[in-house]
Structure formats: structure tokens, C-alpha cells
1. List, in the order given, every pair from A:78/B:77; A:81/B:77; A:63/B:30 whose Cα-Cα distance in the structure shown is over 29 Å.
2. Working with all protein chains in place, sort B:25, A:76 by solvent-accessible area computed with a 1.4 Å probe, largest first.
3. Assigning unit charges at the beta carbon (Lys, Arg +1; Asp, Glu -1) and nothing else, what dipole magnitude in debye, to the nearest 20, does the range A:36-158 show about its Cα centre?
4. With every protein chain left in place, what is the accessible area of residue A:79 in Å² (1.4 Å probe, nearest 10)?
5. Just by accessible area at a 1.4 angstrom probe, what is the order of B:37, A:16, A:77 from largest to smallest?
6. Which residues of the range A:35-49 show a drop of at least 10 Å² in accessible area when all protein chains are present, compared with their chain alone (probe radius 1.4 Å, heavy atoms only, ligands and nucleic acids excluded)?
7. Are there DSSP H segments in chain A that both extend 18 Å or more along their axis (alpha-carbon positions) and score a mean Kyte-Doolittle hydropathy of at least -1.0? List them, or say none.
Amino acid sequence: MISGQFPKQEWWPNPDRQTRTIEEAVAIARRFGVQIPDDVAFFVDEVGDLDANTTARGPRVTKPAGMIVVWSDLVHDKTGKVPFRIRPDILTSDEAIVAVLAHEMYELEQLRPLLQQDGISIEQFGGLTCPGNPGNYHDEAWELADVMVKRMRGEENR
Amino acid sequence: MMTSLVAMYQKGAITADHLAVECLHIIDPKAPALVLDPLPREVIMRMIEFTRQYIPGGMVTNYGILPALDQVQAAKKWIEENRMHEIHGLEPERNDWDNDQSGLPVPDPVGPGQSPRPSSPSPRPAGSKASRLG
């Protein structure tokens with residue numbers, strides 16, 4: 001199913017803007033059905049690297065054109081986990097937490113078998129995960145995120 | 001900025017490759033040590049690998065600004081002069097874009113007491129591939 005480049009659902013802030021920790025955010029996302037594997041780690045973007053249009057980001061990958069991206073390109077060499085940075089204001093909304101973590105995990109789990117088998121070219125990697133390519137994993141991930149938020153609100157059955 | 005980036009790497013929030021490319025992008029080619037000197041050995045290893053793969057105008061990234069050729073050249077030169085001893089099994093390697101001042105090819109060292117230069121193995125994480133498509 002093809003949707004837009006951004007989520008359609010607006011995310012309501014928590015009452016009194018309560019800010020969750022990363023650990024709380026992961027627990028909330030899991031409680032509402034987001035599958036978060038153990039080889040993933042989330043961090044707050046403390047340096048303001050994520051702009052107003054970027055809710056979270058996984059690893060940056062840079063290679064010569066045509067080179068292959070494999071799973072180990074995403075994994076931190078010390079922790080053995082794939083790191084994701086979350087924009088701080090996301091943690092002030094449980095709906096945003098569920099949507100953003102669902103989005104990132106959807107993209108990652110679609111990529112995982114591709115990257116763990118033969119890998120894909122850096123161009124394919126960008127094309128599947130970056131905005132601007134209708135129908136790619138990025139789009140599908142926002143579609144799923146919208147569904148997850150509706151479920152949280154009881155607007156959509158599982 | 002540098003302190004924040006290194007701290008992010010050390011706590012696991014960004015990969016060594018990510019840190020290496022971000023650092024290359026902020027290097028002043030006239031003073032690369034300011035950025036490169038504090039970097040952990042493992043990041044220097046990734047960076048030297050990146051500089052060897054670097055193709056001017058031919059790099060692709062999923063986000064962020066790419067480092068410029070003069071930044072990559074300055075980093076490669078500084079690392080080879082200052083940090084190469086930390087990286088066992090690696091020796092300086094020439095890129096197509098390297099220019100020696102004479103403009104003439106530099107011959108491999110030969111003569112008494114010197115062995116032929118071994119091929120330089122590239123440090124690559126287990127499972128990674130570097131084949132070019134098509």
C-alpha cells in the first residue's frame with residue numbers, strides 16, 4: 001500500500017508534556033505492539049542533529065557508488081547493536097514514540113534479510129529508506145505507524 | 001562538536017563509520033590534527049579505509065554532507081604520517097587522486113636490506129563486502 005512521505009496521524013502530546021526516558025519509550029512501544037529486537041539501541045539526539053522533518057535516524061552509511069551495503073555496516077563495533085537516534089520532542093508524546101519506533105523498526109526489519117544475505121547497493125539502500133521514493137519502505141513504514149497510533153486510540157482493531 | 005560526536009560513538013549512538021565521515025566533513029585541510037588527534041584508533045582505522053575507497057564525485061550516502069576531496073586528502077596524509085603505527089598490517093597506499101610534487105610515479109622501494117612492499121590488506125569488518133555492482 002502506498003501512502004505519503006510523512007505520517008497522516010497527528011500525535012497528541014502526553015498530559016502535562018511528560019517526557020519519557022529511552023527505556024520508558026521502548027517499553028511503551030513494545031506494550032503497543034512494536035517489535036523491537038535485542039540488537040537495536042535507541043538514543044536521544046542530544047546534539048540537535050535531527051531537524052524538524054526528521055523524527056529519528058539510523059546509521060549513516062557512505063560508500064562509493066555501486067558498493068554493497070551489508071548488515072555489519074549498520075552495527076556499532078562495540079555494542080553489537082544497530083543505533084537509532086530519536087529527536088528529543090518525540091519523547092513527550094507516547095503516540096509519537098509508538099509511531100516513530102514502529103516506523104524505524106519496520107524499515108530495519110525489511111532491510112535485515114536483504115543485508116544479511118547478499119547485501120544491496122548503496123543506491124538501493126538509500127532508495128528504500130529515504131523520503132522521496134513513493135512506495136518504498138519509508139512510505140510503508142509511515143503507513144504502519146499510522147495504523148499503530150490508531151490502535152493505541154482504539155480506532156482500529158488489531 | 002568533536003567532543004559530542006566522539007561521546008555519541010563511545011556510548012553506541014553512532015557507528016565508527018558514521019563518526020569517521022562526520023569528522024572528515026568538519027576537517028580544516030590546513031589543520032586536520034584538531035579533528036583527527038582525539039579520535040579512537042578504531043575510528044582512525046575506518047577513516048583510513050574510507051579515504052582509500054574515496055572517489056571524488058563518486059560517493060553515495062543515505063544522508064548528510066559528503067566530505068570534500070581536500071578534506072579527505074588532508075586526513076589521509078595526516079593519518080599516514082601520525083597514526084599509522086597504531087594500525088598493524090597497514091602501510092600507506094596511494095589513491096588515484098594522490099599527487100606527488102614531481103608529478104612522476106614513485107617507484108617501490110628496492111635495494112639491499114629492503115623487502116618488496118607487501119600488498120596492503122584492508123581492515124574490513126567481518127561479513128562486510130566491498131564488491132562493486134555491475
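1. Going by Cα-Cα distance, A:81/B:77 fall outside the 29 Å limit.
2. These residues rank, largest area first, as B:25, A:76.
3. Details: 12 positive and 22 negative charges, 39 e Å.
So the magnitude is around 180 debye.
4. 60 Å²
5. A:16, B:37, A:77
6. Flagged in the range A:35-49: A:43, A:46, A:47, A:49.
7. Span-like helices in chain A: A:94-116, A:137-152.
The values are calculated or read from the model by the stated rules, or taken from the named source; none is laboratory data. This one's a predicted model, so the numbers in the text were calculated from it and none came from an experiment. When we count neighbours, we look across all protein chains shown, and the Cβ atoms used for this are built from the backbone with ideal geometry, even at glycine. Surface areas here come from the heavy atoms of the whole protein model, side chains and all, with no ligands, DNA or RNA. Shrake-Rupley method; radii C 1.70, N 1.55, O 1.52, S 1.80 Å.
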